[in-house]
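Trainee: One structure is given below, represented as structure tokens, and several questions about it will come after.
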Amino acid sequence: MYQDIIGFIMERTLLIIKPGALQRGIAGEIITRFEKRGLKLVAMKMARLDDKILSVHYAHLLDKPFYPWLRDSMKAAPVLLCCWEGYDAVQVVRSMAGATKASKAVPGTIRGDYSVSAQENVVHTSDSLENAAIELSRFFSPEDYFDYESPLDPYKYAPDER
């Protein structure tokens, strides 16, 4: 989270494009939707998640009966780890993703358009600013981030938001 000189908060949040999305060839479509919305991609990498990182990332789900399925699904293929930046980025990314239980996600959201499963729901998003900071530090180092100006910022934000 970064505060500019007039007090607006520039947030960063994590998006994981899950193995199922990569296998289905829809990762590019997902990324494009966030770019078209006006968010800025400031870090991205492909990774294979292992048991250790998954048990930390999903610690709150370890005792759930579906955790073994979730773990195996997240290890089935690589994931794309993305850091998106923008004003209210956590909320924007969450609302664009749609309901976690994809069968309840409305059409027009990523999960509503690309999935029907609670587990195979194509993306993971941070659920709060605090968790975004924790999750981003889990997957990215400071040198992984790229700060850059976009000539399109004047067309994405009002003068008092830049």
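The values are calculated or read from the model by the stated rules, or taken from the named source; none is laboratory data. Since the structure is predicted, the reported quantities are computational estimates derived from the model, not experimental observations. For neighbour counting, all protein chains shown are included, and Cβ atoms are generated from backbone atoms with ideal geometry for every residue, glycine included.
Trainee: Please work out which one of (1) under 13 Å from the mean Cα position of the chain (by Cα); (2) β-branched (Val, Ile, Thr); (3) at pLDDT 95 or above; (4) over 20 Å from Arg138 (Cα atoms) is the condition Thr100 fails and give its number.
Mentor: With respect to (1) under 13 Å from the mean Cα position of the chain (by Cα); (2) β-branched (Val, Ile, Thr); (3) at pLDDT 95 or above; (4) over 20 Å from Arg138 (Cα atoms), Thr100 is out only on (3).
Trainee: Residue by residue through the range 116-135, note down the ones that are in contact with a helix residue (DSSP H, G or I) (Cβ under 9 Å, 6 or more places away or on another chain), over 14 Å from Ile16 (Cα atoms) and at pLDDT 95 or above.
Mentor: Within the range 116-135, Ser128, Leu129 meet the criteria.
Trainee: Cβ-Cβ below 7 Å, separation at least six or inter-chain, first residue in the range 129-150 and more than 17 Å from Met10 (Cβ to Cβ), second assigned to a loop (DSSP other than H, G, I, E, B) and modelled with pLDDT of 95 or more: which pairs?
Mentor: So the pair list comes out as Glu135/Ser126.
Trainee: Which condition number does Gly86 fail, the rest of (1) at pLDDT below 95; (2) part of a helix (DSSP H, G or I); (3) within 30 Å of Pro151 (Cα to Cα) being met?
Mentor: (2)
Trainee: Checking the conditions here, which among Arg138, Arg111 is at pLDDT 95 or above and touching a Gly at 6+ places or on another chain (Cβ under 6 Å)?
Mentor: Arg111
Trainee: Could you check how many residues of the range 38-49 are over 17 Å from Leu22 (Cβ atoms) and within 14 Å of the chain's Cα centre (by Cα)?
Mentor: Result for the range 38-49: 4.
Trainee: Going by the conditions given, is Ile53 crowded, with 20+ Cβ neighbours inside 10 Å, out of contact with any Ser or Thr (no Cβ under 8 Å at 6 or more places or on another chain), modelled with pLDDT of 95 or more and assigned to a helix (DSSP H, G or I)?
Mentor: Taking the combined requirement at face value, the residue does not satisfy it.
Trainee: Okay, next question. Answer with yes or no whether Asp72 is closer than 14 Å to Lys18 by Cβ, at pLDDT 95 or above and outside any loop (DSSP other than H, G, I, E, B).
Mentor: yes
Trainee: Just checking, how many residues over the range 132-160 are part of a loop (DSSP other than H, G, I, E, B), closer than 17 Å to Leu49 by Cα and among the aromatic types (Phe, Trp, Tyr)?
Mentor: 1
Trainee: Please specify each residue of the range 116-162 satisfying the condition of being within 20 Å of Arg94 (Cα to Cα) and among the acidic types (Asp, Glu).
Mentor: Glu120, Asp127, Glu130, Glu135
Trainee: Restricting the search to the range 129-161, which residues are among the hydroxyl-bearing types (Ser, Thr, Tyr) and surrounded by 13 or more Cβ atoms within 10 Å (Cβ to Cβ)?
Mentor: Tyr145, Tyr157, listed by residue number.
Trainee: Suppose we filter Ser73, Ser103 for residues that are loosely packed, with under 14 Cβ neighbours inside 10 Å, of a type in the set (S, T, N, Q) and touching a residue at least 12 places away in the same chain (Cβ under 8 Å); which single one remains?
Mentor: Criteria check complete, one pass: Ser103.
Trainee: Consider Ala43 carefully, then state whether it is at pLDDT 95 or above, assigned to a strand (DSSP E or B) and small (Gly, Ala, Ser).
Mentor: Considered against the rule, which asks whether it is at pLDDT 95 or above, assigned to a strand (DSSP E or B) and small (Gly, Ala, Ser), Ala43 comes out as yes.
Trainee: Let me ask something else. Which condition number does Glu120 fail, the rest of (1) closer than 12 Å to Arg12 by Cα; (2) acidic (Asp, Glu); (3) out of contact with any Leu (no Cβ under 8 Å at 6 or more places or on another chain) being met?
Mentor: (1)
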